[in-house]
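Reviewing the structure listed below.
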Amino acid sequence: MVFRPELSWEFLSSDEINARTLRALRNHVRHLKEVSPHYKERLKDVAPDDIGSFEHFQQLPLTGKKELVSRTDTFLGVSEEHIVETVVTSGSTGRPLIFSLTASDLDRLAYNEALCFHGAGVSPADRAQIFVSLDRLFIAGIAYYRGLTLLGTNTARIGVLPPDMQLHYLETLKPSVIVGVPSFLRKLAAELDDRNFDTRNSSITRLICIGESIRTQDMQLNALGKSLEETYRSQVFSTYGNTELSIAYCECTAQCGGHAHPELIYTEIVDENGNVVPDGTPGELVATSLGVEGIPLLRYKTGDITFRMSDACACGRNACRIGPILARKAQMIKIKGTSVYPSVLTNVLDEFDEIDDFCIVLEGDASSEDQIKIHAALAPEMTSVISERLRARARVSLPILVSNAATIQSMRGESRKKVRIIDKRKQPTR
Ligand SMILES: [Zn+2]
């Protein structure tokens, strides 16, 4: 496979992108009706050629994670012998999903990531290190690896190693690009500092930040993003990926939202009732991935809250962008009758270097308000300062329980992610 970014649709005019997208969506619906037992039934009254506008497409049924998890077999678009890769979604909420990919799906994933890295200014002249596990049925690591190597970048699969080993490979291989989880990179910076490694004057120039938001709703860097930019003296780029859609949206060099790659994905944002909301309005990210063979989906509800932007980007790409992930839909918190994004709380907590680690535990049932407890590893005298800032910024008064890093880590159980929200609420609708 040869990477030809100049053939991507993202630099076409928005009219041309829209025309091609509408054609691709019609073809996609036709394909679903042919190969997917689930959609054959679900779309039996839909005539693909009648889909004359995006508004019309937006009337088609949404697909939820629950139905995909419970009847995954009926979504398969190919016969079993074409599957070459099995992955599992992280299962941060609900039952994990076993997901199947064909060889062509893996190539598509590589192309998607190559476009992402290319957009962020990464080139074959760079040296990259991936600080993410490539095993444990995890799709993201393999996607970054395949994307970087397709782009032609010399890539080291470092994974997560003890700090001395990380230091060794930073010193000997001198990477310019790091792919990693922001809170991990922040912790690593402190460990490197203890070992007299000067992160401000190292070979690193770009951090591709995965899994956690580094921006606030107004697109400014949050405390975590600022801290990474300063401690590594690097440009920071946010990327958001979704296993079920086999897609990632990544920030370009203009750093103002994650670009969609229009030949691979059609992006919508919907409200509580599934109606599409205007650009800039937060809602649930719903997307239709194009060209997927293994498990092709229609209007898939990701459960992630963000917003869409379709004005022209300074980088020259005319494809739409999404903002930072503001919350998981299931993790929205109800306090005194209003909904609060957990990211508002985590952004405030991230502003304090004095907090070594924290997690927010949500409890309660449908009949009551959510009970929220913040467990933080910090000196007891800091609690009043933090409470005060939470009151000022998030307009909430919450108990802060003094804990230590080991206890907080054990509260996360077996999760392979550094979970910051632990949701124990008993609400069947969630
Ligand atoms: Zn751009």
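Do we find that E230 is at pLDDT 95 or above and under 18 Å from D350 (Cα atoms) in this structure? Answer is yes for this residue. Based on what the data block shows, is V270 modelled with pLDDT of 95 or more, under 20 Å from A19 (Cα atoms) and surrounded by fewer than 23 Cβ atoms within 10 Å (Cβ to Cβ)? It is false that V270 is modelled with pLDDT of 95 or more, under 20 Å from A19 (Cα atoms) and surrounded by fewer than 23 Cβ atoms within 10 Å (Cβ to Cβ). For segment 359-382, filtered to residues that are in contact (Cβ under 8 Å) with a residue 60 or more places away in the chain and outside any strand (DSSP E or B), the residue that is surrounded by the fewest Cβ atoms within 10 Å (Cβ to Cβ) is A366.
Scanning segment 312-358 for residues that are within 12 Å of the ligand (Cβ to nearest atom), in contact with a strand residue (DSSP E or B) (Cβ under 9 Å, 6 or more places away or on another chain) and either in a loop (DSSP other than H, G, I, E, B) or open to solvent by 20 Å² or more (accessible area, probe 1.4 Å) (or both) turns up C313, C315, R317, A319, C320.
Within segment 1-19, is even one residue surrounded by fewer than 15 Cβ atoms within 10 Å (Cβ to Cβ), part of a helix (DSSP H, G or I) and of a type in the set (A, V, I, L, M)? Within segment 1-19, one or more residues are surrounded by fewer than 15 Cβ atoms within 10 Å (Cβ to Cβ), part of a helix (DSSP H, G or I) and of a type in the set (A, V, I, L, M).
Would you mind stating whether L228 is away from the ligand (no atom under 16 Å from the Cβ), in a loop (DSSP other than H, G, I, E, B) and either crowded, with 22+ Cβ neighbours inside 10 Å or not assigned by TED's automatic domain parsing to the domain that holds S183 (or both)? Working first, answer last.
Numbers: away from the ligand (no atom under 16 Å from the Cβ): yes; in a loop (DSSP other than H, G, I, E, B): no; either crowded, with 22+ Cβ neighbours inside 10 Å or not assigned by TED's automatic domain parsing to the domain that holds S183 (or both): yes.
Against the criterion (away from the ligand (no atom under 16 Å from the Cβ), in a loop (DSSP other than H, G, I, E, B) and either crowded, with 22+ Cβ neighbours inside 10 Å or not assigned by TED's automatic domain parsing to the domain that holds S183 (or both)), L228 does not qualify.
Figure legend. Inter-residue proximity from segment 50-63: first residues farther than 13 Å from R23 by Cα, second residues of a type in the set (S, T, N, Q) and in a loop (DSSP other than H, G, I, E, B), beta-carbon distance below 9 Å, spacing 6+ or different chains. Indicated pairs: Q58/N275. Of N273, N242, all but one fail to be polar (S, T, N, Q), without any contact (Cβ under 8 Å) to a residue 40 or more places away in the chain and within 29 Å of L97 (Cα to Cα); the exception is N273.
Of the residues R146, R195, the single one that is in the same structural domain as R317 (by TED's automatic domain parsing), away from the ligand (no atom under 16 Å from the Cβ) and surrounded by fewer than 20 Cβ atoms within 10 Å (Cβ to Cβ) is R195.
For segment 320-337, a tally of residues being in contact with a Ser or Thr (Cβ under 8 Å, 6 or more places away or on another chain) and in contact (Cβ under 8 Å) with a residue 40 or more places away in the chain returns 10. Within the option set I130, I208, being in the same structural domain as C256 (by TED's automatic domain parsing), touching a residue at least 60 places away in the same chain (Cβ under 8 Å) and buried (at least 17 other Cβ atoms within 10 Å of the Cβ) holds for one residue only, I208.
Can you tell me which residue in segment 284-308 is nearest to the ligand (Cβ to nearest atom), limited to those that are among the aliphatic types (A, V, I, L, M) and farther than 15 Å from Y240 by Cα? Lay out the reasoning, then the answer.
Applying the first criterion (among the aliphatic types (A, V, I, L, M)) to segment 284-308 yields 285-287, 290, 292, 295, 297-298, 305.
Those left that are additionally farther than 15 Å from Y240 by Cα: 290, 292, 295, 297-298.
Details: L290: 20, V292: 24, I295: 29, L297: 26, L298: 27 Å.
The extreme case among them is L290.
Filter segment 386-425 for residues that are without any contact (Cβ under 8 Å) to a residue 12 or more places away in the chain and over 14 Å from D357 (Cα atoms) and give the result. Break it down stepwise before answering.
Keep residues of segment 386-425 that are without any contact (Cβ under 8 Å) to a residue 12 or more places away in the chain, which gives 388, 391-392, 395, 397, 406, 410, 413-414.
Across segment 386-425, the qualifying residues are E388, R391, A392, R395, S397, G413, E414.
Do you know which of the residues in segment 235-262 that are among the small types (G, A, S) and away from the ligand (no atom under 15 Å from the Cβ) is farthest from V88 (Cα to Cα)? Per the stated criteria, the residue is G241.
Scanning segment 97-136 for residues that are at positive phi and either touching a Ser or Thr at 6+ places or on another chain (Cβ under 7 Å) or in a strand (DSSP E or B) (or both) yields one hit, G121.
For segment 46-67, how many residues are part of a helix (DSSP H, G or I) and modelled with pLDDT of 95 or more?
7
The listed residues are P278, P262, and the only one of them that is of a type outside the set (D, E, K, R), at pLDDT 95 or above, part of a loop (DSSP other than H, G, I, E, B) and surrounded by 21 or more Cβ atoms within 10 Å (Cβ to Cβ) turns out to be P262.
Yes/no per residue for (1) of a type in the set (A, V, I, L, M); (2) over 18 Å from the mean Cα position of the chain (by Cα):
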residue	(1), (2)
S104	no, yes
F131	no, no
G159	no, yes
M165	yes, yes
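The values are calculated or read from the model by the stated rules, or taken from the named source; none is laboratory data. All of these numbers come straight from a predicted model, not from anything done at the bench. Please note: Cβ atoms are built from the backbone with ideal geometry, for glycine as well, and neighbour counts cover all protein chains shown. Accessible surface areas use protein heavy atoms only, side chains included; no ligands, DNA or RNA. Shrake-Rupley method; radii C 1.70, N 1.55, O 1.52, S 1.80 Å.
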